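To start, the structure under review is shown below, and the notes come after it.
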Amino acid sequence: MRIFDPHIHMSSRTTDDYERMRASGVTALVEPSFWLGQPRTSAASFVDHFDALLGWEPYRAAQYGIAHHCALALNPKEANDPRCTPILKELPRYLEKDSVVAVGEIGYDSITPAEDEALAAQLELAARHGLPALVHTPHRDKLAGLERTLAVLAESELPPERVVLDHLNETTVDRAADSGCWLAFSVYPDTKMDEARTVAVLRRLGLDRMLVNSAADWGKSDPLKTRKVGDAMLAAGFGEDDVDRVLWRNPVEFYGLSGRLDLGERERPELFEGNSIARGAPAGR
C-alpha cells in the first residue's frame, strides 16, 4: 500500500514516527505551517518555522525515504494576533520555494473579521503564485464556518478545483461537495473523524476529489491513521485500486497542481557517527 499523507505536522512528531510511517507505507507527505502550542511573540518566529519546513524536516524525512513537501501560511488561529500578522508581508518570498506546494493552512478558527482578512489575502497570494490552497474549516460552528469560507472563496480569483476543504465531517461534507472543491478528512483517535465514519462517507459519496489525512500534531493523534483508513477500506469491500486512488493518486493530483511535486527517490543523508542528527559546527567556526 503506497500512502501520501496530505496533511501532517511532523514538526510536532518524533523521528520514530517517520520510521513507523515509512514501515506502514507512507512515502510522501505535505506539512502545513502550524502554531507552536503557545502564542508566538513575533512574526520572526514564523521565519524560523518556515525555514525548518524547507530544510530540517525534509532532512529528517529523507532518512526514511519519505518525500517531504510543505504548505506555508499564517494559520487561522494566529491570524487574530497582531504580533503575527506582519508575516503576511514576508510570505510571498517563501511561496517561491520549490518544495512549497500549497498555501496553507488558511481558513477559520473563531470566524472573526481578522480571519476574514487573512483568508482573503492568502487566497490572493495562492492565485498570484499559481498554488493550490489548503483550507482549514473550523472545529466549532462548522457549518457556519464552511458557509463563510465558501463566500470568501467565491470572491477570490482561486477556482474551487484548486482548493481543498479540510477537517470535514458529516455535518459539512455534502455542502462542501456541492462547491466543486476537493474534500479532506482528518482521522483522529478520539475527535474529528474515525476510520469507520470516513469509510462510510467514501461509500456514500464516492472517491472523486477525496483526501484522507492524519493531521497528526501536538495533541492526541496518530500518524498511522492513513494506513488504518486504507485497511478499513479493504475490510469494507473496497479494492486495492480504490485505496490507491484515495491514499496516493488523489493527493498527488491535488498537490501536483502546484507544478512542484517531486516524488523521486530521496538520497538518504549520511549519519553522524551512527546518530540520525547531524552535528554541524557552530556558525563562525
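The values are calculated or read from the model by the stated rules, or taken from the named source; none is laboratory data. Bear in mind the structure is a predicted one, so any value in this text is a computation, not a measurement. Cβ coordinates were reconstructed from backbone atoms using ideal geometry, including for glycine residues, and neighbour counts include every protein chain displayed.
Need a quick list: helices (runs of 4 or more DSSP H) entirely within region 1-117 having at least 3 residues that are charged (D, E, K, R).
Output list reads 15-24, 87-94.
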Within region 62-79, can one find any residue that is free of Cβ contacts under 8 Å to residues at least 24 places away in the same chain and surrounded by fewer than 17 Cβ atoms within 10 Å (Cβ to Cβ)?
no
Residue hits (region 207-224; modelled with pLDDT of 90 or more and of a type in the set (Gly, Ala, Ser)) are Ser214, Ala215, Ser221
Go through (1) farther than 12 Å from Leu165 by Cα; (2) touching a residue at least 40 places away in the same chain (Cβ under 8 Å) one by one and return the number of the condition Ala114 breaks.
(2)
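For Thr171, indicate whether it is loosely packed, with under 13 Cβ neighbours inside 10 Å, more than 24 Å from Ala118 (Cα to Cα) and hydroxyl-bearing (Ser, Thr, Tyr).
yes
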When you scan region 227-249, do you find a residue that is closer than 18 Å to Gly104 by Cβ and in contact (Cβ under 8 Å) with a residue 60 or more places away in the chain, even just one?
no
Given the options Leu119, Leu183, name the one that is aliphatic (A, V, I, L, M) and over 30 Å from Val199 (Cβ atoms).
Leu119
Report whether or not Met233 is touching a strand residue (DSSP E or B) at 6+ places or on another chain (Cβ under 7 Å) and surrounded by 15 or more Cβ atoms within 10 Å (Cβ to Cβ).
no
Among the residues listed as Ser99, Ser110, Ser156, the single one being in contact with a Cys (Cβ under 7 Å, 6 or more places away or on another chain) and at negative phi:
Ser99
Residues in region 33-49: is at least one among the charged types (D, E, K, R) and in contact (Cβ under 8 Å) with a residue 60 or more places away in the chain?
no
Hits in region 150-169 - residues which are of a type in the set (A, V, I, L, M) and either touching a residue at least 24 places away in the same chain (Cβ under 8 Å) or touching a helix residue (DSSP H, G or I) at 6+ places or on another chain (Cβ under 8 Å) (or both):
Leu150, Val152, Leu153, Leu158, Val163, Val164, Leu165, Leu168
Could you list, in sequence order, all residues of region 212-230 that are crowded, with 24+ Cβ neighbours inside 10 Å and among the hydrophobic types (A, V, I, L, M, F, W, C)?
Val212, Ala215, Ala216, Val229
I'd like to verify a number: residues in region 178-206 that are surrounded by 19 or more Cβ atoms within 10 Å (Cβ to Cβ), under 22 Å from Gly104 (Cα atoms), modelled with pLDDT of 95 or more and not hydroxyl-bearing (Ser, Thr, Tyr), how many?
6
